1. From the residues in segment A:373-420 that are outside any helix (DSSP H, G or I) and within 17 Å of A:SER436 (Cα to Cα), which one is modelled with the highest pLDDT?
2. Only one of (1) in contact with a strand residue (DSSP E or B) (Cβ under 7 Å, 6 or more places away or on another chain); (2) under 28 Å from B:LEU327 (Cβ atoms) is not met by B:ARG290, so which one is it?
3. For segment B:262-285, name all the residues that are more than 14 Å from B:PHE233 (Cβ to Cβ) and either crowded, with 19+ Cβ neighbours inside 10 Å or modelled with pLDDT of 90 or more (or both).
4. Of the residues that sit in segment B:184-207 and are within 14 Å of chain A (Cβ to nearest Cβ) and out of contact with any helix residue (DSSP H, G or I) (no Cβ under 8 Å at 6 or more places or on another chain), which one is surrounded by the fewest Cβ atoms within 10 Å (Cβ to Cβ)?
5. Going residue by residue through segment A:220-236, is there one that turns out to be outside any helix (DSSP H, G or I), within 23 Å of A:SER288 (Cα to Cα) and at pLDDT below 90?
6. Sort out which residues of segment A:525-579 are under 16 Å from A:ASN511 (Cβ atoms) and assigned to a helix (DSSP H, G or I), and write them in order of number.
7. Could you say which residue among A:LEU20, A:LEU47 is at pLDDT below 90 and touching a helix residue (DSSP H, G or I) at 6+ places or on another chain (Cβ under 6 Å)?
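The values are calculated or read from the model by the stated rules, or taken from the named source; none is laboratory data. Worth saying up front: this structure is predicted, and the values here are computed from it rather than measured. Note that we place each Cβ from the backbone using ideal geometry, even for glycine, and neighbour counts take in every protein chain shown.
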Amino acid sequence: MSAQKKRNFKIEAFKHRVELDPNYAERTWKVLEHAIHEIYNHNASGLSFEELYRNAYNMVLHKYGEKLYTGLVNTMTGHLKEIARSIEAAQGDFFLEELNVKWGDHNKALQMIRDILMYMDRTFVHSSHKTPVHELGLNIWRDNIIHSSKIQTRLLDMLLDLIHRERTGEVINRGLMRNITKMLMDLGSSVYQEDFEKPFLEVSASFYSVESQQLIECCDCGEYLRKAERRLSEEIERVSHYLDVKSEVKITSVVEGEMIANHMQRLVHMENSGLVSVLVDDKYEDLSRMYNLFRRVPNGLSTIKDVMNSHLRETGKQLVSDPEKLKDPVDFVQNLLNEKDKYDKIISKAFNNDKTFQNALNSSFEYFINLNNRSPEFISLYVDDKLRKGLKGVSEEDVEVVLDKVMMLFRYLQEKDVFEKYYKQHLAKRLLSGKSVSDDTERSMIVKLKTECGYQFTSKLEGMFTDMKTSVDTMQGFYASQYSEIGDGPTLAVQVLTTGSWPTQPNAPCNLPAEIHVICEKFRTYYLGTHTGRRLTWQTNMGTADIKATFGMGQKHELNVSTYQMCILMLFNSVDRLTYGEIEQATEIPPSDLKRCLQSLACVKGKNVLRKEPMSKDIAEDDAFYFNDKFTSKFIKVKIGTVAAQKESEPEKQETRQRVEEDRKPQIEAAIVRIMKSRRVLDHNTIVTEVTSQLQSRFLPNPVVIKKRIESLIEREFLERDKADRKLYRYLA
Amino acid sequence: MASRRGRIRFNVGGKIFETTATTLANAGRHSMLGALLDDSWNPRQPAEGEAAEAEYFIDRNPACFAVLLDLLRTGELHVPPNMPEKLLNREALFYGLLDQVRAARWGPFDGNRLQLVDSVSGRAPGDGTAIRAGPDGGCCVAHGSMVHVYDWMLEEHRPISLDYQQVNDVGYIDAESIVISARERLGKGDGGMGVFSSSTGELRHRFRVSHYDQVKSFTAGALSLGSSDYKIFASCKGRCNEYGIGVWDQITGQQVDFFYEPPGCCLGDADKLQWLDGDKCLMVATLFPRTDNCFIGLLDFRDKSVIWSWSDAGTSVSLSLDEKRVLHAIAIEDSRSICVVNQYDDLGFIDLRSNAGGVRWSSRSKLTNRKAPNEESCYPKLATHDGQLFSSMNDGISVFCGPEWVLTSTLRRSYGGSICDFSIGGDRLFALHSEENVFDVWETPPSPII
């Protein structure tokens, strides 16, 4: 009965709608499930893609998409669990191999499964917002294999162990490593980071922490840095071989932190091999390595810079304050230049021409050069030495190079006006004695100073050159006009110097011999005749003369002497013996100069054209002088120098200082007035800073002096104090 | 199997086709044909001569396969007149070639070469509110509380609604997601805004507005979807005077900002919002008849300021018929101006560079005949696409081109009554008629053969 009823019911239903075979879905899924098994078992050759695709299509079409999808998840999970077991069973080193092989298999299978289920991926997965098949396959692999409790830690330990072994020098299978890390990356960047990268970085940090501790105990700085550099490049190479490129920054920062940043101070200050010693020994390679490594860590370069700076200041201080080294100004400056060259070379060779290092170098030089207030004088003397004619082995080109270097030192000087003072003196001497190496070189030095300090700085120096030139013209004019009258008398060369342009000298006149006096008077008449309204004074203390002398045996010599010496020698034309007093009376040369002249005429061996009674080194008031009949020399021309001090003596120095201070006063006042004129009202401190900044290019004004100048200006009613606020100054127009 | 010289033989439903591997390569690896020929499914490479006779059997319609094979060969789609489009699309989906079919169906959009390809009638009661074109050629139509969704094959999907509340505006976030703004139902917390799946119609996310850390229900009005920074803007009205513009992130769905309505500006009731990518600001237009005084402003959300605004308040003294009222507005970034339209279908332009400028009207109304006053009409709408300006009037759409906006084409169809809304997207133009519930689809045909 019941069977019949059932049949009736069936017929009833059949009339209403066509029911799909209820087993259809199950049957079709079995076919697909079987295919998935076959694919995982490497047995896919017997499968027909068209049939499988059609089956999957039909399932989706008949709304069995959900069944198909869950079936896929279950089947794949089952297979991967099995794979997990076989990977777990792998012994020792075969573990990674097995994992790699299975991963390759899974990828291939996943590709084929996705091909079959492509229609589902396109329609059902898309519209129901499920995970696409490929991604699903990766996720199931991740959850069942990589995150399986028996595999996760083992995999990580093996990877870290392999890397550790490679770090200690063993050769490992990099291809396998690359495949495994590639797998972790394929599974998503978070898997790579969490399951590998993070622990990898931690292990690396502790490895390098231990290694750096050991190395620093037994290596010197250079060796340590060589090893650190090698480690760093090893890690970079490792990343390029089998890690994610994004890991490079992270692992290098670990190495940098552990090996460099943590030991920075100790490395730099290491005895006998630290920064100071490599600087002293010019070890460019070590320096460059240190620079490149320290650059990678925060504060690395500033550490190097600070140490270099303090070392440089220390050595510089010794250079400028060592009394032994102050004896010879030329050596003094040469030492400075050598030091500068040395560090320039270090910065360009090892420090990549780093600007901050150059600045540090400059500030250090500025610091210690100005520690010694004789630096301006010495630098000028050094230039004088280089620009003097007749120095052996110095060509014009070489001089030019030297001058450029000197300018560098010049820039560091704070008291540029002091330098100017000395330079003027030295230049005057060079010009008047005609000992300048060449006009061009002199001028190029002036141009350099001009570009550095402006027109004002050099206008007087240029005036000196102009004077020299016009003097030559004047002399030509003089001889052209007076040719007939002069006849056979002595030849006169006059240099007309503009007062003010030249360093002022105490005017110490002397009685010129009659022959000379006559021709001098002729020149005076000529000059005043051509230039009206001028005054001419003779600076006899600065001239030179060439005189011809005949001695006892009839030998003739040409003596090159100063004007004073000439006056003395001319006296002996008429007599053979003169006392000191007689000479002083006849010439009226100031006693200090006279003594110096007589000393050089009578006491210098080989040049003693006079004989002194009694024979002694020093000149006394009651000495007598004879014409030295027996004077001989192998040269026709004999140059009798004056005993002249190159370096300034202590009182001279004081005098120059004082003159400089005197010259500064109007400059400071001018600056104050300029500033107040534009600002009208200012407080004291602002004026001081503004004045300082305005005058910085010439010298560093002392605040006390500025204060004095302000007071003086108030007295002279250029400024007044504000009535309400005594700190304020007010400009009075 | 791939025989010599790359020839491949298919047997599709009993009919033999021969083609080459290079032709099939056009299908791509991620298609059924691509997978079929892939090495992983053909493990044994054919030995000499042995497999040359073999063929791939596919149990499908041979006629459709012929059309699709032709598409792969030439890149063009020619459907025989007796073949239903639906049939072809189904077969294309089977082979994974639907994207290729769509790409070959119509060409890049050009307002002057449009052809009417279809008219689709709906069965919704009442007038349509809005029609929006999707990025892939589909569209959706809002009627009352329902939104009807059509894919690019113009097949209707499940209609969507937000708690059956009156829909004010709709927009596509992408081809898969549609956002709806709807009226709030008093006291129920319904309405507001939601994102729906365009294919299944399910609600995926509901947008919230919170004022001072308190979530409040709201009525959402006009929508704008910023394309460059993935934001959604909507005009919002709360019941406690929380009027303004809400901003949400398209990806997270979270509220990121709220621009409260400053005095003198109507933001919560806006008719149109438009995000200007170049200026990084939002145009808000609140127009007649929603308000008596039209207001158009540009909002900068970074410092919450109205950087530019225009209003006809003060200029309109009497409500005479002849007066020109701004009924729709659209910003044209390239020409630094806002284009507006009035009840006579006159176009006007407001310069964005000066703040106090007026509307420069063009005098087109003299050329076109004015409507009979009692004919039921719709308010005109404006749209731009690729340097072309579109304006709907009565039952037609005018196309304007060039720097002077010269009228170049008119799109008109004989029935359906006047156009209440139109939209351009996915290289198609959709126009919704008000009298009969029907919308038209306009496409540019593929490029000529030569």
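1. Just the residues of segment A:373-420 that are outside any helix (DSSP H, G or I), to begin with: A:373-374, A:388-395, A:413-415.
Imposing the further condition that a residue be within 17 Å of A:SER436 (Cα to Cα) reduces the set to A:388-395.
Details: A:ARG388: 77, A:LYS389: 64, A:GLY390: 55, A:LEU391: 57, A:LYS392: 56, A:GLY393: 61, A:VAL394: 65, A:SER395: 70.
By that ranking, first place goes to A:ARG388.
2. B:ARG290 satisfies every listed condition except (1).
3. B:CYS265, B:CYS266, B:ASP269
4. Going through segment B:184-207, the residues within 14 Å of chain A (Cβ to nearest Cβ) turn out to be B:195-205.
With out of contact with any helix residue (DSSP H, G or I) (no Cβ under 8 Å at 6 or more places or on another chain) added as a condition, the list becomes B:195-196, B:198, B:201-205.
Working: B:VAL195: 21, B:PHE196: 26, B:SER198: 25, B:GLY201: 15, B:GLU202: 12, B:LEU203: 14, B:ARG204: 15, B:HIS205: 15.
Across segment B:184-207, the extreme among qualifying residues is B:GLU202.
5. As a first pass, look at segment A:220-236 and keep what is outside any helix (DSSP H, G or I): A:220.
From what is left, the residues that are within 23 Å of A:SER288 (Cα to Cα) are A:220.
From what is left, the residues that are at pLDDT below 90 are A:220.
Yes: segment A:220-236 contains one or more residues that are outside any helix (DSSP H, G or I), within 23 Å of A:SER288 (Cα to Cα) and at pLDDT below 90.
6. Once the filter is applied, which keeps residues that are under 16 Å from A:ASN511 (Cβ atoms) and assigned to a helix (DSSP H, G or I), segment A:525-579 yields A:THR540, A:ASN541, A:THR563, A:TYR564, A:GLN565, A:MET566, A:CYS567, A:ILE568, A:LEU569, A:MET570, A:LEU571.
7. Working: A:LEU20 fails: touching a helix residue (DSSP H, G or I) at 6+ places or on another chain (Cβ under 6 Å).
That would be A:LEU47, the only listed residue that is at pLDDT below 90 and touching a helix residue (DSSP H, G or I) at 6+ places or on another chain (Cβ under 6 Å).
For (1) aromatic (Phe, Trp, Tyr); (2) within 14 Å of chain B (Cβ to nearest Cβ); (3) assigned to a helix (DSSP H, G or I); (4) surrounded by 16 or more Cβ atoms within 10 Å (Cβ to Cβ), each residue gets a yes or a no:
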| position | (1), (2), (3), (4) |
| --- | --- |
| A:LEU96 | no, no, yes, yes |
| A:HIS106 | no, yes, yes, yes |
| A:GLY137 | no, no, yes, yes |
| A:ASP161 | no, no, yes, no |
| A:GLU166 | no, no, yes, yes |
